[in-house]
């Protein structure tokens with residue numbers, strides 16, 4: 001499996017950078033937390049990695065890793081929770097890479113979907129409508145779908161917002177298992193205690209990169225102070241950035 | 001017993017135009033049911049309405065060019081309906097307008113031009129009939145057209161069912177596993193226009209969308225999965241078609257409004273007494289479960 005290499009990457013909207021001149025490597029099998037204040041470009045970075053957002057400058061090199069091999073859990077999934085569909089059907093979507101738009105579901109594939117639901121502690125929820133679930137249960141369902149997707153790279157954008165402590169602990173267990181299976185994990189998080197106890201690597205962003213490396217070296221009081229000073233607003237009169245000029 | 005038989009069956013046994021009308025309604029119900037349910041689930045209920053208005057100037061144009069020809073009016077309606085769907089999609093993608101807003105602007109423009117075109121030959125009763133429905137004059141050619149459109153609709157829906165549903169429920173996921181959502185959306189809009197065109201011969205451009213939307217909206221109160229909601233919608237549409245025709249026969253009423261009003265009765269009943277989320281079900285007091 002290949003590393004994901006960021007080379008002087010700038011991502012943003014309407015020409016304004018949200019991630020500014022970021023260079024570095026997500027090693028295969030690494031487990032990285034992305035932290036920083038609101039508006040610091042964390043979600044933007046994930047959107048760039050999945051290819052939803054094109055870089056304003058610089059490059060993302062994925063080697064022979066295909067975009068479809070990167071499972072992505074967005075911050076607020078655009079899922080219509082009132083849609084009349086069962087939990088099992090949503091989980092089974094994780095098999096998309098294997099069965100595609102038109103392929104049939106075989107018995108053993110349904111069994112895998114059942115097992116995935118069991119692995120996130122939702123046995124017996126298969127026939128329920130997704131509208132009947134709590135926020136935490138629904139996040140478990142999305143993790144079951146990620147399990148089935150079986151991707152070498154997993155991107156999670158604030159996966160524990162609006163989720164209680166027990167669910168968070170269970171889902172962190174799932175993430176740990178992925179790490180043990182040597183998958184690359186990149187997760188946007190706000191809880192520094194979680195980061196310190198689970199994530200070996202940390203990338204701290206405040207639009208510009210503040211630090212990237214071993215968690216205990218990045219999550220320092222000095223860096224946190226630096227990140228806090230980031231201004232949230234775009235400067236409408238900002239001059240063109242000269243750093244990318246050779 | 002004999003009276004009942006007389007009342008419920010003999011109109012269809014005695015009159016060939018009633019049989020034609022009934023078969024047309026049943027075929028329309030089969031196609032419009034699933035399309036309507038998907039429109040409701042995609043929160044596009046009013047887009048169906050907008051597109052039905054967009055069919056009007058096309059049909060009127062067809063009439064102006066070659067008179068009361070089934071094919072000219074069908075083709076005209078199809079062409080203008082698709083053009084409006086495409087234009088609305090393009091405006092949505094290229095500008096800041098949301099889809100409902102761009103549809104609203106375009107359908108009002110096409111409704112106005114449709115009315116203008118109709119008024120050029122306003123005195124023509126035939127045209128008024130075709131624009132506002134003449135289910136009692138559905139001939140063989142029109143019947144075959146309706147049946148063909150229903151068949152094509154069901155086949156295409158069967159093929160694109162999975163990506164279409166995923167595009168409804170979780171468009172972000174479809175994008176992350178390779179996309180195709182825009183294509184599904186467009187194919188679906190084509191199906192909507194096709195079914196509206198099938199319906200306008202029988203029910204008129206204003207009523208065609210009724211057989212699509214009213215049963216679909218009512219069906220939401222009776223089922224909790226897409227397939228069962230669709231089934232409920234088809235059954236309601238068929239029932240409305242049959243009893244609406246009976247009503248129009250016995251009470252000597254225009255057939256299009258009779259059918260849609262019968263569907264409307266189903267809607268009122270469903271809103272009040274439906275199994276899921278109806279007024280009755282939400283306000284029922286009584287025991288609750290242990291856990």
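The values are calculated or read from the model by the stated rules, or taken from the named source; none is laboratory data. The model shown is predicted, which means the values in this text are computed figures rather than measured ones. Glycine gets a Cβ as well: all are built from the backbone with ideal geometry, and neighbour counts include every protein chain shown.
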Mind checking which residues of the stretch A:120-141 are away from chain B (no Cβ under 14 Å) and assigned to a loop (DSSP other than H, G, I, E, B)?
-> A:120, A:121, A:122, A:123, A:125, A:134
So is residue A:63 more than 9 Å from every other protein chain (Cβ to nearest Cβ), in contact (Cβ under 8 Å) with a residue 40 or more places away in the chain and either out of contact with any strand residue (DSSP E or B) (no Cβ under 7 Å at 6 or more places or on another chain) or in a loop (DSSP other than H, G, I, E, B) (or both) or not?
-> yes
Every residue from the stretch B:253-291 that is in a loop (DSSP other than H, G, I, E, B) and under 21 Å from residue B:26 (Cα atoms) | B:253, B:254
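Among the listed residues A:226, A:242, identify the single one that is touching a strand residue (DSSP E or B) at 6+ places or on another chain (Cβ under 6 Å) and at pLDDT below 90.
A:226
Quick one: count up the residues across the stretch A:71-100 that are within 8 Å of chain B (Cβ to nearest Cβ), part of a strand (DSSP E or B) and within 16 Å of residue A:153 (Cα to Cα).
Looking only at that region, the number is 2.
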The lone condition residue A:117 fails out of (1) modelled with pLDDT of 90 or more; (2) within 14 Å of chain B (Cβ to nearest Cβ) is (2)
Residue B:240: more than 14 Å from chain A (Cβ to nearest Cβ), at pLDDT below 90 and either surrounded by 19 or more Cβ atoms within 10 Å (Cβ to Cβ) or in a helix (DSSP H, G or I) (or both), yes or no?
-> no
May I ask you to verify whether residue A:29 is outside any helix (DSSP H, G or I) and modelled with pLDDT under 85?
-> no
